[in-house]
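The values are calculated or read from the model by the stated rules, or taken from the named source; none is laboratory data. The structure presented is a predicted model; accordingly, all values stated were derived computationally and were not measured. Cβ atoms come from the backbone with ideal geometry, glycine included; neighbour counts cover every protein chain shown. All accessible areas refer to the heavy atoms of the entire protein, side chains included, with ligands and DNA or RNA removed. Shrake-Rupley method; radii C 1.70, N 1.55, O 1.52, S 1.80 Å.
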Amino acid sequence: MTHDVKWREVTKRDTRYMRSFTCTSAPARTERGTVGVEHQVQAFFRQYAIALASRAKDQGLDGRLMIAEDEQGIAAAYVHRLLAAEEYRELEIQANCPVRDLCFLAIAERYRVPADTLLGETSSPGTMADEAVNEALWDIKDRAATAPLIYVTGLVDYRNAPSMRMLARNGFNEISRGCPPPTGDNRLGRWLRLLR
């Protein structure tokens, strides 16, 4: 299923608009009092995504923040950038092959299929997420069209089961759990997909 959305790159002029992006309405705090993963992602897109993409561009790391829009506003968003060599020391990379980080990806809450929905009832679970990740992969491939191979990585919190399922459905494999410095967060797993 393809959704009726239009993709475009975000600019600094979209700062206020990005604050309207809603990917969750669940309570912000978990039972343990910590901020939930979905709220962290939502806060990233609302407050930090434009700055991260701009900073990556300024550093020569080709940051891209893209959104899909429908008649109700932002339907999905993703941001990716090149990784500097010191950010992926644990990976064995072929020469002349870029490594891009799919930093964040989220879909609007209205595109999420409720957990109690039967398959085939309205749409398949994850269709908008799959569409968004595939759009991101095409964009990544376009950014390095002459490279023989592109390494696409992403860090996912192990508590974020929907994101892990989405990556697995789309050809990513978890290659490590717990990140080395500078991230150093043992709740994160690194996922990888190779694009030719």
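Checking each residue in the range 83-96 for being open to solvent by less than 50 Å² (accessible area, probe 1.4 Å) and acidic (Asp, Glu) picks out no residue at all. Restricting attention to the range 130-174, the residues that are in contact with a Gly (Cβ under 8 Å, 6 or more places away or on another chain) and among the hydrophobic types (A, V, I, L, M, F, W, C) total 6.
A search for C-beta distances below 9 Å between a residue of the range 58-82 that is farther than 20 Å from Gln47 by Cα and open to solvent by 30 Å² or more (accessible area, probe 1.4 Å) and any residue that is β-branched (Val, Ile, Thr) and assigned to a strand (DSSP E or B), counting only pairs 6+ apart in sequence or on different chains, returns Leu82/Val99. Residue pairs whose Cβ atoms lie under 7 Å apart, separated by 6 or more positions or on different chains, with the first residue in the range 185-196 and farther than 15 Å from Ala136 by Cα and of a type in the set (D, E, K, R) and the second part of a strand (DSSP E or B) and open to solvent by less than 20 Å² (accessible area, probe 1.4 Å), are Arg187/Asp157; Arg190/Thr153.
Residue-by-condition table, conditions (1) open to solvent by 40 Å² or more (accessible area, probe 1.4 Å); (2) part of a strand (DSSP E or B); (3) more than 22 Å from Leu155 (Cα to Cα); (4) modelled with pLDDT under 95:
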position	(1), (2), (3), (4)
Met1	yes, no, yes, yes
Trp7	yes, yes, yes, no
Asp14	no, no, yes, no
Pro27	yes, no, yes, yes
Arg32	yes, no, yes, yes
His39	no, no, no, yes
Gln42	no, no, no, yes
Leu52	no, no, no, yes
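Here's the yes/no breakdown for (1) modelled with pLDDT of 90 or more; (2) open to solvent by 80 Å² or more (accessible area, probe 1.4 Å):
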residue	(1), (2)
Val99	yes, no
Ile107	yes, no
Glu121	no, yes
Ser124	no, no
Thr127	no, no
Glu135	yes, no
Ile140	yes, no
Leu149	yes, no
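May I ask you to verify whether Arg46 is modelled with pLDDT of 85 or more and within 19 Å of Ala75 (Cβ to Cβ)?
Values: modelled with pLDDT of 85 or more: yes; within 19 Å of Ala75 (Cβ to Cβ): yes.
So Arg46 fits the description; yes.
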